């Protein structure tokens with residue numbers, strides 16, 4: 001797989017600075033946003049209100065109206081495979 005051609009289709013901000021990123025190949029990755037804080041430019045995102053501004057613009061995750069962005073390849077390589085089929089849904093509970 002060529003990581004350099006990946007684009008982000010969707011991003012969901014979760015608790016604890018986590019991002020669920022959906023790529024144009026329909027794979028999803030869970031990315032720990034706290035990794036970004038190691039880079040000086042991303043220190044501003046320690047403010048969770050600002051971190052929550054993440055959105056997709058032209059296939060890239062951006063924050064603060066496009067002032068900050070991160071490459072899809074970085075998110076893909078550093079993210080963990082995220083499979084929603086592993087989650088327990090309401091249908092998995094039995095009422096007694």
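Coordinate-derived values only; no laboratory data. Just so it is clear, the model here is predicted, and its values are computed rather than measured. No Cβ is skipped: glycine too gets one built from the backbone with ideal geometry, and neighbour counts run over all protein chains shown.
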Legend entry - Selection within segment 31-45 - under 21 Å from residue 9 (Cα atoms) and crowded, with 16+ Cβ neighbours inside 10 Å: 31, 33, 36
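Out of segment 29-70, which residues are within 12 Å of residue 7 (Cα to Cα) and either in a strand (DSSP E or B) or touching a strand residue (DSSP E or B) at 6+ places or on another chain (Cβ under 7 Å) (or both)?
56, 57, 59, 60, 61, 70
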